[in-house]
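Asks: Encoded as C-alpha cells, here's the structure I'll be asking about.
Values in this text are rule-based calculations from the coordinates and carry no lab data. The structure presented is a predicted model; accordingly, all values stated were derived computationally and were not measured. Cβ placement follows ideal geometry from the backbone for every residue including glycine, while neighbour counts extend to all protein chains displayed.
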Amino acid sequence: MSQFWSAGIADLTPYVPGEQPKMQSLIKLNTNENPYGPSPRVLASLLDEIGVDANKLKLYPDPDAFFFKNAIAKRFDLETSQIHVGNGSDEVLAHVFQALLKHKNPILFPDITYSFYPVYCRLYKIDFESVPLTPGFEILVDDYLKPNGGIVFPNPNAPTGCLMETRDIERLLCGNPSSVVVLDEAYIDFGGVSAAALIKDYPNLLVVQTLSKSRSLAGLRLGFALGHPNLIDALERVKNSFNSYPLNRLSLVAGVAAIEDESYFEKICSAVIKSRTVLATALQRLGFEVLPSTANFLFVRHPQHDAASLLEKLRERAIIVRHFKQVRIVQFLRITIGTDHECQRLVDALCEILTE
Ligand SMILES: *Cc1c(COP(=O)(O)O)cnc(C)c1O
C-alpha cells in the first residue's frame with residue numbers, strides 16, 4: 001500500500017501463473033504448454049519477416065491484424081467482422097469482461113474453473129456468483145438458467161478437463177437469450193468440437209481460443225474471439241481505447257503460419273490425445289482417480305496420498321506439476337500431457353514415491 005497508488009489498487013488480488021522455472025532441466029508438466037514445438041512454418045515465417053537486417057521492425061505492425069484475421073476467418077468459415085484478436089487469450093478475456101460482462105446482474109461461472117475470472121471481476125468491479133460443479137465435477141446447464149449478467153467457463157473446463165457437449169451448449173444458449181455466453185475454448189482441440197459453428201445461429205455466443213496450447217505458441221501470445229459482429233464491435237472499441245498494436249509483427253506472421261498448417265496441428269493434437277490415454281491408464285494402475293479429460297492435462301487424486309506432499313516429492317525428482325489450494329480440489333494435481341518420454345518419467349517417479 002502506498003500513498004502514490006490509485007484508489008482500489010491495494011484491493012486487487014492478481015492472478016498467480018504457474019511457475020516458469022529458470023532451471024532448464026526440469027520436466028515441466030505444470031502450465032499446459034504443448035510438448036511439441038510449433039509448426040516448422042512458424043520459424044520460416046519469422047525468418048522471412050525479420051529478413052537479414054531486421055529493418056521491418058522499425059515499422060508498427062498492422063493495428064487491424066488483417067492477415068491473421070483472414071487466416072482465422074478461413075479456418076472457421078467466418079467473416080473478419082466476426083473476429084477479434086489479442087495478445088494471448090488472457091488479454092482477449094480481459095476485454096470480454098470489460099466490454100460484455102458488466103451488467104446489473106452478477107455473471108455466473110463454476111466454483112472450480114480458470115482462476116483468472118474472479119481476478120478480472122475485481123479489476124473491472126463486476127459482480128459474480130460462482131456456481132458449484134456437480135459432485136462428479138461437471139457443469140450442469142440447469143444451474144445456469146436463472147437471471148444473470150453473462151456466463152463464462154472454459155470448455156473443456158479447467159482444471160478438471162470435463163467437456164460440455166454441443167447439445168447442452170445449445171440448451172444453455174437458448175435458455176439465456178439476453179446474456180452473453182462466453183466459451184473459453186483454450187483446450188477444445190484436444191478432443192472436443194468447437195462451438196464456432198453455432199455463431200451463425202446465436203448472436204449471444206462468444207467463443208474464445210488461444211494459440212498457446214494446441215498450436216504450441218504460448219511464447220508469442222496469440223488469442224482470438226469469434227462471435228456476432230455486434231459482440232466483436234464492443235471488443236474492438238475496448239481494444240482501440242487501450243492499445244492499437246497488441247500483436248507485434250513477429251506474432252502476426254507466426255499466427256498466420258500456425259493457423260494455416262492444419263496438418264501439423266492435427267498431428268500434434270493426436271499425439272497429445274494418444275499420450276493422454278496411455279498416461280491415464282498408467283496413473284489408474286497406480287491407484288489414482290483420474291477425471292475424464294478432453295484437454296491436454298489430467299486432473300488426478302490419490303486416495304492414500306496427500307497432493308501437496310506428492311507435488312513436493314515430484315519436484316525433488318525434477319518434475320513439476322500444478323496444485324491448487326482451493327478447498328474442494330486441494331487433494332488434486334493437474335498434470336500436463338508431455339512427450340511419451342516425459343510421461344514415462346512421471347509414472348516412474350510416482351511409482352517410486354508411492355512405494356517408498
Ligand atoms: C491457458 C488458458 C488461457 C490463456 O491462454 P493465453 O492465450 O496463453 O493467454 C485462457 N483460458 C484458459 C482456460 C486457459 O487454460
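Asks: How big is D, in µm² s⁻¹, for segment 241-356 by Stokes-Einstein at 4 °C and 1.567 mPa s if Rh is the Kirkwood radius over C-alpha pairs?
Replies: Answer from the Stokes-Einstein relation: 80 µm²/s.
Asks: Taking a threshold of 25 Å on the Cα-Cα distance, which of the pairs Lys22/Lys239; Lys267/Lys325; Lys239/Lys325; Lys58/Lys239; Lys22/Lys313 fall above it? Walk me through the intermediate numbers first.
Replies: Working: Lys22/Lys239 33 Å; Lys267/Lys325 35 Å; Lys239/Lys325 33 Å; Lys58/Lys239 23 Å; Lys22/Lys313 19 Å.
Pairs exceeding the cut-off: Lys22/Lys239; Lys267/Lys325; Lys239/Lys325.
Asks: Kindly identify segment 69-135 as rounded, prolate or oblate by the Cα gyration tensor criterion: order the square roots of the eigenvalues as a ≥ b ≥ c, call it rounded if a/c is under 1.5, otherwise compare a/b with b/c, prolate if a/b is larger, else oblate.
Replies: Numbers: a/c = 2.40, a/b = 1.83, b/c = 1.31.
Note, shape of segment 69-135 comes out prolate.
Asks: Same structure again: Students often forget the sequence filter, so: which aspartates and glutamates lie under 12 Å Cα-Cα from Lys56 once same-chain residues fewer than 8 apart are removed?
Replies: Output for Lys56: Asp48.
Asks: When the dipole is taken about the Cα centre of the chain, and only Lys, Arg (+1) and Asp, Glu (-1) are charged at their Cβ, what size is it in debye, to the nearest 20?
Replies: Values: 35 positive and 40 negative charges, 95 e Å.
With only Lys, Arg, Asp and Glu charged at Cβ, the dipole is about 460 debye.
Asks: Using a cut-off of 12 Å between alpha-carbon atoms, which aspartates and glutamates can reach Lys104, once sequence neighbours fewer than 8 places away in the same chain are excluded?
Replies: Asp127
Asks: Taking the Cα centre of each part, how many Å lie between segment 309-343 and segment 89-109?
Replies: Measuring centre to centre over Cα atoms gives 30 Å.
Asks: If you take the Cα Rg of segment 40-260 and divide it by 2.2 N^0.38 Å, with N the number of residues, what do you get? Intermediate values should be presented prior to the final figure.
Replies: Details: Rg = 17.5 Å, N = 221, 2.2 N^0.38 = 17.1 Å.
Segment 40-260 yields a ratio of 1.02.
Asks: Give me the base-10 log of I(q)/I(0) for segment 1-83 at each q in 0.12, 0.14, 0.17, 0.26 Å⁻¹, Debye formula, one uniform scatterer per Cα, rounded to two decimals.
Replies: Debye output, listed in q order: -0.83, -1.00, -1.05, -1.18.
Asks: Next question, about the same structure. Where in the chain are the helices, taken as whole DSSP H runs, whose Cα atoms extend 20 angstrom or more along the long axis and whose Kyte-Doolittle mean reaches at least 0.0?
Replies: Working: long enough: 262-285 (35 Å, 0.14); 340-354 (21 Å, 0.11).
Length and hydropathy pass: 262-285, 340-354.
Asks: Taking the Cα centre as origin and putting +1 on Lys and Arg beta-carbons and -1 on Asp and Glu beta-carbons, what dipole magnitude results for segment 1-152, to the nearest 20 debye?
Replies: 260
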